[in-house]
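Data block below; observations after.
Bear in mind that the values in this text are calculations on the coordinates, not laboratory data. Because the structure is a prediction, the values reported are computed rather than measured. Cβ coordinates were reconstructed from backbone atoms using ideal geometry, including for glycine residues, and neighbour counts include every protein chain displayed.
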Amino acid sequence: MRYGLCSLLLAAATLHAFEKRAEAAEAATGIYLLGSRSVGAGITPPPGLYFNDDTYFYSGKIGGGRTLPLGGLLVANVSAQSWINLPTTMWVTPAKILGGDLAVSLTTPFGEPRVNANLLVNSPRFGPIGVNATDAQLNVSDFFVNSFIGWHAGNFHWQLGVGGVIPSGTYVPGQLSNVSLNRPAIDVFGAITWLDPAIGWDLSAAAGFTFNKTNTATDYKTGDEFHLEWAATKYLTKEFTIGLVGYFYQQLTPDSGTGALLGAFEGRVVALGGSIGYIFEIGKLPVSTRIKVYREFDVRNRMEGTAGFFTVAVPLAIDSSSQAAPLKPIKAKF
């Protein structure tokens, strides 16, 4: 492979940047998946075709009688154990825009949220009463289309981009277990990485704003949101990395619509965790794997829990004729 270890590292780092879905607002969930951008968030690999598969796990709860809007219902004492698979295909095109590389990607998630909650049913005779229910359905989420431009300058690498959610999943009103959120949204983001191959350190950060439209099935318009992620990673060898990761989320504007029975319902969350990564080859095909675990705290108006990612990323085809910016390989001496 023309770029050897360099392209392998770029593919491994960049492909983590395109998995979307996450936390707050209606269903205490947003369309952006917190923690999906971490190591190498600002690095764009050479022109070519890449595949990334994330399996996302989440276990959390909100107790104390606190209420959430979920699937058009009001629910309390919610607990969830979910997994979502997010296959992503990315094409880094040969096109140059303002000196940067243009890339596009498509994510098609599916999964099974297992949700237990007390449904708040309004009885004409007895008023609001709670009925315990558990729901677990394997279903398809909404497509996420993403595009960005990436630049390089020495040890610095950065991206600016925009993504959009197309309601296309199997959303069912009144169902607790929905992977789809059934609301259009636009996410505008930027990411930056400082990678020093001589000492084997990767410092990365990514931030973005999500602008939500109305879920027409519930007439619920989620407020606009801000998300921030960071990672500090050390290459212990050319193949093995270890590091710290974290994210911060804050809803900026209130929810609205006839379905927003709880009013503004603005949420926030902070999370810290760790990651380990390993790169190996199958024949001449470089394969990047990574595990990330986040523990949430300082939570408001959403579930609090533990999130995890298991990621596998591979370059399917790299354009050997491209004139991508040369990057120094990670040295093996540290």
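Per-structure values
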{"item": "Efficiency of FRET from Cβ geometry, ASP53 and ALA217, R₀ 25 Å, rounded to 0.05", "result": "0.25"}
{"item": "Peptides ranked, highest mean first, by Cβ atoms within 10 Å: ranges 311-320, 41-50, 94-103", "result": "41-50, 311-320, 94-103"}
{"item": "Order of VAL188, VAL299 - criterion: other Cβ atoms within 10 Å of each residue's Cβ, fewest first", "result": "VAL188, VAL299"}
{"item": "Over 23 Å between alpha carbons, listed pairs LYS96/LYS213; LYS238/LYS292; LYS96/LYS234; LYS238/LYS284", "result": "LYS96/LYS213; LYS96/LYS234"}
{"item": "Dipole magnitude of the range 4-318, debye to nearest 20 (Cβ charges: Lys/Arg +1, Asp/Glu -1, about Cα centre)", "result": "220 debye"}
{"item": "Two-decimal ratio, the range 4-318, of alpha-carbon radius of gyration to 2.2 N^0.38 Å", "result": "1.01"}
{"item": "Fraction of the pair-distance distribution of the range 154-302 above 24 Å, Cα-Cα pairs, percent", "result": "49 percent"}
{"item": "nm² value of the averaged projected area, convex hull over the Cα atoms of the range 254-325", "result": "9.3 nm²"}
{"item": "Signed unit charges on C-beta, dipole axis of the range 4-318, positive-most listed residue VAL131, SER59, LEU236", "result": "VAL131"}
{"item": "Burial ranking of peptide ranges 274-287, 157-170 (average Cβ count within 10 Å, highest at the top)", "result": "157-170, 274-287"}
{"item": "Per-residue ³J(HN,Hα) for the range 35-52, Karplus 6.51 cos²θ - 1.76 cosθ + 1.60, θ = phi - 60°, Hz, x for Gly and Pro", "result": "x, 6, 9, 8, 4, x, 4, x, 8, 9, x, x, x, x, 10, 10, 10, 10"}
